[in-house]
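Heads up, the thing below is written out as structure tokens.
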Amino acid sequence: MLSATRPAPSGRGRDRLFPEVSDLHIPQNISTDTPHARPVPLGLPVHAHWRAAAEAKGFEITGRVDDRYHLMLRCAACGTEHRSKLYVLMNSQPRCPNCIEARWREEATAAGLVWLGRDQENRHYGVYQAPCGHRLLRQFELVKRIASGECAHRCDLCHHRKEEAEAEARGWTLLAASHDGAPGYRSYRHGCGHVQRIARGNMQTGRFNCEGCGEGWSTAPSHIYCMRFELPQGAPMIKLGFSRDPQSRLHHQLLRDAGVCGTILRAVDVETGREAQRTEKRLHGLLKRRYPEEIIPPEQYQGLLRVRSEIYSAALEPVILGMLDEIAAAPPRD
């Protein structure tokens, strides 16, 4: 028996945001079989104008089944038969189930998925296998859009585990979606036991504080860093700063233009964010007094970096790195 993620009953984004692992393995009835057709009693004719209508629409009538309202049609394109209502044949265009399924298979392959069958509980959904091996329940129209390159598929279970790992890396546990249904927010539990609603983007970058224990940038361990920026045009630039997470600071906050290459040259551990802030201000004061000519005007990096000051020419790189060496070598305070 196959299994897949069951979509929510209604609403946009029907697949659950936080499915339990058990929800991802609920047995589903999957079938592509044509409903059983029973022979019709003898004596009921197949009229000539019915045959003409079927031929004009790409089918051949092979017999009558079940009752006086149903026919068996053979598709001229693939040669398979299916049961059809007489009303459908005479008033609209019949569709061959085998040809439709063939198209679904082709779209699944083009989307990087494996077609497993239809979901019998909802005629708009099919069951697919993702490259990761998990089963997905997706709308046919969505898979068609994926195949055309308009969007991409996502495994709910793999995505859920990714968000769990993001939280664990910062000392939190992912609990569920936000209680108010906001798509960008999640409910997390901190190591201190406090439960808090946090934007997932902030969890990724570390730009938030625990409202329970008060741990934030001012009390949490921090770093004094030196970064080097290679701009598309012009000479390299150096930044001195402090951050609880220099990698997050570089990749999620400072770089505005994709053409700028940023590198963390050195990061020195500091006991608290407040101490790091005081140290950073002291170092900037020394640099501005001793090397005012090395300060880069904001106009030279406007639109490239998300800062307005405290950027220096690359000539100060050895000076700033020397300052960080002194900080790292200093004995810890009592």
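Couple of notes before you dig in:
- Mean sequence separation of contacting Cα pairs (under 8 Å, at least six apart), scaled by the length of the chain, corresponds to a relative contact order of 10 percent.
- All Cα-Cα separations within segment 155-207 were binned at 5 Å from zero, giving a P(r) of 5, 22, 34, 26, 11, 2, 0, each value a whole percent of the pairs.
- Whole-percent carbon and sulfur share, accessible surface of segment 90-170, 1.4 Å: 45 percent
- Principal-axis tilt of helix 97-110 within the chain, Cα atoms, nearest 10 degrees: 20 degrees
- Whole-percent carbon and sulfur share, accessible surface of segment 199-334, 1.4 Å: 47 percent
- Put the Cα centre of segment 109-139 next to the Cα centre of segment 288-334 and the gap is 54 Å.
- Gaussian network model of the chain, springs between alpha carbon atoms under 10 Å - residue of GLY206, GLY214, GLY241 with greatest fluctuation: GLY214
- Ranked by the mean number of other Cβ atoms within 10 Å of their residues, highest first, the peptides 147-158, 164-175, 104-115 fall in the order 104-115, 164-175, 147-158.
- Straight-line cross-link reach from LYS57 at under 23 Å between alpha-carbon atoms covers these lysines, not counting any fewer than eight positions away in the same chain: LYS85.
- Charges were assigned to the Cβ only: +1 to each Lys and Arg, -1 to each Asp and Glu. The resulting dipole of the chain about its Cα centre is roughly 860 debye.
- Under a model in which nothing but the beta-carbon of Lys, Arg (+1) and Asp, Glu (-1) is charged, segment 240-334 shows a dipole of about 320 debye around its Cα centre.
- Dipole of the chain computed with +1 at Lys/Arg Cβ and -1 at Asp/Glu Cβ about the Cα centre; of HIS190, LEU316, HIS223, farthest Cα towards the positive end is HIS190.
- Averaged over its residues, the chain has an accessible area of 57 Å² per residue, based on protein heavy atoms and a 1.4 Å probe.
The values are calculated or read from the model by the stated rules, or taken from the named source; none is laboratory data. All values derive from a computational prediction rather than experimental measurement. Ideal geometry is used to build each Cβ from the backbone, glycine not excepted, and the neighbour counts take in all protein chains shown. Ligands, DNA and RNA are stripped out before the accessible areas are found, and what is left, the full protein with its side chains, is counted by its heavy atoms. Shrake-Rupley method; radii C 1.70, N 1.55, O 1.52, S 1.80 Å.
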